[in-house]
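Read the structure below first, then the notes.
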Amino acid sequence: MKRVRAEQIQGAVGHYLRRRQFVESDGAMKQGPKFTQTAEEMATNLTVQAESGSPNVVSAAPCQADPNQYEIQFGRLKVFLFDTESKYSREVKQLLYPLFVYLHLDMVHSGLKSAADSFYSRFHGMFLQNTDQKDIMEQLRSTLNSQDIYSNSKLRTLIENKYVVSFTEESYNYLLRYLQSDNNSTLCKVLASHIHLDVQCSQQTGYQLYSVGAQSRSDVVGLEPSEIPTTMLQNEAALEMLQDSIKQVKDGPPSLTTICFYAFYNTDQLLNTAEISPDNKLLSAGFDNSCIKLWSLRSKKLKFGPQQVDVSRINLACDIVDNEVVDDVGSEMKILRGHCGPVYATKFLSDNSGLLSCSEDMTVRYWDLCSFKNTGLYQGHAYPVWDIDVSPLSLYFVSGSHDRTARLWALERTYPLRIYAGHLADVDCVKFHPNSNYVATGSIDKTVRLWSTQQGNTVRLFTGHRGPVLALAFSPNGKYLASAGEDQRLKLWDLASGNLFKELRGHTDNITSLAFSPDSSLIVSASVDNSVRVWDIRNTHSNSPADGSSNELVGVYTGQTSNLLSVQFMTCNLVLVTGVAQEKKEP
């Protein structure tokens, strides 16, 4: 009974395999399992296992293809390559000839006579211009079965050897993307069985044959490598010239920056801070009278955004509701009120959705720039808060206070997450590292400390200033920290070694603000001496200035201001400066 059952199962499996065109399945099942294998078979199996992973679309092809798919898939590839004007398609076109030859031989070997004739008559005209290819086409026309293939020395060589097709990496990826875009299993089968794709950086693309058996290379029929097109050589020369030009610009002296001054008039010495949003659309200012003023720097006026519905105050149809005044027109300035003391610093979020401010009232407040309302209050400091900074992704912000500490906050938490204690006097300035893993603090105790954001401990201590530190800035590449203050010196610190990298001299009064260029090659400083100075920290391309400034100085800008508040480096080599305009004295 068991034997009859096994025969029924074997017959059903055999019938299924024959329907799937596994024509030799009966013989394999009758032979039974094979427990031994030769060295050649073992090497073949290991090669298949190593080269047929799921990412390799060329090797992951089925064993038998539909007869109609030979012509369909090759024709689709031909149309794709000839309809696409691309340097990669021109290189991949040279793959059409070996694909045609091996597809035709595979159909003849599988006994698909009618499919082979249709395939040959449709596509063989593409390969009659080349003498060697035309000779192979003539021999393929007279090939009717497997015996004809192995009796022809050239065709037998093609079957027993693989074509090596040299591709650049870009062209190879271009081919893979096409093969993965649709059902190209027949092409993948031929590529895996008869063609070796050699990916290299060279621009030259050619074909040659190498033996996969014991046959010597002297019997191998190969193709001469194609010459490099003249246009490719011209493009390569142009690329080299472009790369040389880019290198000269990087290594040469920097181009002068464009300075844009925003001056405040009639402030009556009540202005403490000013900040421009990252998108250069808004300008905020903090005043002694505890208010914050917000201006639009574009022609578009400030308007209230769509308000969210407060479910606790839903009005019914029977309720008598006064008509609310809706600001449809907008205004050029908004006043934000909430603090009860002078505002010392403001900071926009990276997406310009909100604004943070700190004050003498020991609090930090969050302002929603859609409704222009105070929606967050952060309390924790015991004394006035002098400075704040937002992390690059606006996940955290840090504050520095008169209580000698800096504190780490999250926007959704009203209590500090970390307290950085160690300075001996006020923490006047704070700054996030570009990777958000570190926070720098500058203090009246003349030191700069670098803290681990998560651990809360000091990882670097920089000493050398002769006065309070008022300004900090990290280079965008994360390698350097700049600090400056009342000693009129700008110091650059190497964060990796913890040593002083450079000291820049030139200002004649307190330095109040610092900013790096996006490529970390330039640094801009603003001072109470009403000058903005640009420094090149890479090399000394210019001679020593006559006023005794450091050789790194590349530009000095002055304006009709009495106090410079902040300096910010934007894209396109633009520097934005805010300050208080110099009042004209009446005679």
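The values are calculated or read from the model by the stated rules, or taken from the named source; none is laboratory data. What you see is a predicted model; the values in this text were computed from it and never measured. As a convention, Cβ positions derive from the backbone with ideal geometry for all residues, glycine included, and neighbour counts pool all protein chains shown. What goes into the accessible areas is simple: the full protein's heavy atoms, side chains included, and nothing from ligands, DNA or RNA. Shrake-Rupley method; radii C 1.70, N 1.55, O 1.52, S 1.80 Å.
Any residue in segment 529-539 that is over 28 Å from T267 (Cβ atoms), open to solvent by 10 Å² or more (accessible area, probe 1.4 Å), in a strand (DSSP E or B) and in contact (Cβ under 8 Å) with a residue 60 or more places away in the chain? The answer is no; no qualifying residue exists.
Taking the criterion of being closer than 13 Å to L492 by Cβ and either modelled with pLDDT under 90 or part of a loop (DSSP other than H, G, I, E, B) (or both), the residues of segment 505-521 that qualify are S520, S521.
Once segment 94-117 is narrowed to residues that are among the hydroxyl-bearing types (S, T, Y) and crowded, with 18+ Cβ neighbours inside 10 Å, the residue that is farthest from R156 (Cα to Cα) is Y97.
Go over the candidates N272, N289 one by one and state the one that is open to solvent by 60 Å² or more (accessible area, probe 1.4 Å) and modelled with pLDDT of 90 or more.
N289
For segment 402-424, give me the residue count where each residue is among the small types (G, A, S) and open to solvent by less than 20 Å² (accessible area, probe 1.4 Å).
2
Condition check: of a type outside the set (A, V, I, L, M, F, W, C), closer than 22 Å to S171 by Cα and either touching a residue at least 24 places away in the same chain (Cβ under 8 Å) or open to solvent by less than 60 Å² (accessible area, probe 1.4 Å) (or both). Does Y120 satisfy that? When the stated conditions are applied, Y120 does not pass them. Please verify whether segment 239-252 includes one or more residues that are among the aliphatic types (A, V, I, L, M), open to solvent by less than 100 Å² (accessible area, probe 1.4 Å), at pLDDT below 65 and in a helix (DSSP H, G or I). Within segment 239-252 (the criterion being among the aliphatic types (A, V, I, L, M), open to solvent by less than 100 Å² (accessible area, probe 1.4 Å), at pLDDT below 65 and in a helix (DSSP H, G or I)), the answer is no, since none of the residues qualifies. The requirement of being outside any helix (DSSP H, G or I), open to solvent by 70 Å² or more (accessible area, probe 1.4 Å), polar (S, T, N, Q) and closer than 29 Å to V199 by Cβ is fulfilled nowhere in segment 137-145; no residue meets it. Please go through segment 141-167 and give me each residue that is more than 28 Å from Q200 (Cα to Cα) and among the acidic types (D, E), ordered by number. Correct list: D148 only. Selection of segment 163-173 for residues being surrounded by 19 or more Cβ atoms within 10 Å (Cβ to Cβ) and in contact (Cβ under 8 Å) with a residue 40 or more places away in the chain yields Y163, V165, S166, F167, S171. Residues in segment 70-93 that are touching a residue at least 24 places away in the same chain (Cβ under 8 Å) and buried (at least 18 other Cβ atoms within 10 Å of the Cβ): 8 in all. Residues of segment 477-501 that are in a strand (DSSP E or B) and buried (at least 18 other Cβ atoms within 10 Å of the Cβ): Y480, L481, A482, S483, A484, G485, R489, L490, K491, L492, W493.
Note on segment 356-401: residues that are open to solvent by 20 Å² or more (accessible area, probe 1.4 Å), under 19 Å from D445 (Cα atoms) and β-branched (V, I, T) amount to 0.
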